[in-house]
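Shown next, in structure tokens, is the structure this report addresses.
The values are calculated or read from the model by the stated rules, or taken from the named source; none is laboratory data. Just so we're clear, the structure is a prediction, and the values are computed from it rather than from any experiment. Reconstructed Cβ throughout: ideal geometry from the backbone, glycine too, with neighbour counts over all protein chains shown.
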Amino acid sequence: MDDEPPGDDYIDDEVKKILIDSFKVKIRDNRSKPSKIKINQAIIASLSEFLVCFKLIGYDIDGNPVNMTITNTKMDKSALDNAFVEEITTFMSDKLIDQ
């Protein structure tokens, strides 16, 4: 039955190799870290291939907060801000319901 899609436990060998290699990089003690500018440029380039505008909020590998907003026009910024407010509202509503 080669026509059937793989099950939930299926992991492509190429994906498995990428994951294993990324874990090896994480556990190296003597790895050199690229500058924040190079990291930001890489993130922006990668996400820009798939997204017109985006907001990235998180923490870097050193635990420092990261807050990045990338837009090309005022309309993009407004749309992104509205989407962000909607997400926060939904998150807060879910928290209140859970109580």
Checklist (1) surrounded by 13 or more Cβ atoms within 10 Å (Cβ to Cβ); (2) not hydrophobic (A, V, I, L, M, F, W, C); (3) not in a helix (DSSP H, G or I) applied to ASP76, failing item:
(3)
Run down GLU49, GLU4 and say which single residue is surrounded by fewer than 10 Cβ atoms within 10 Å (Cβ to Cβ), of a type in the set (D, E, K, R) and at pLDDT 80 or above.
GLU49
Enumerate the pairs (first residue in the stretch 40-66 and of a type in the set (S, T, N, Q); second residue anywhere and surrounded by fewer than 14 Cβ atoms within 10 Å (Cβ to Cβ) and part of a helix (DSSP H, G or I)) with beta-carbon separation below 8 Å, excluding pairs fewer than 6 apart on the same chain, so at least 6 apart or on different chains.
none
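Results for (1) charged (D, E, K, R); (2) outside any helix (DSSP H, G or I); (3) out of contact with any Ser or Thr (no Cβ under 7 Å at 6 or more places or on another chain), shown as yes or no for each residue.
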residue	(1), (2), (3)
SER22	no, no, yes
ILE44	no, no, yes
PHE50	no, yes, yes
ASN67	no, yes, yes
ASP94	yes, no, yes
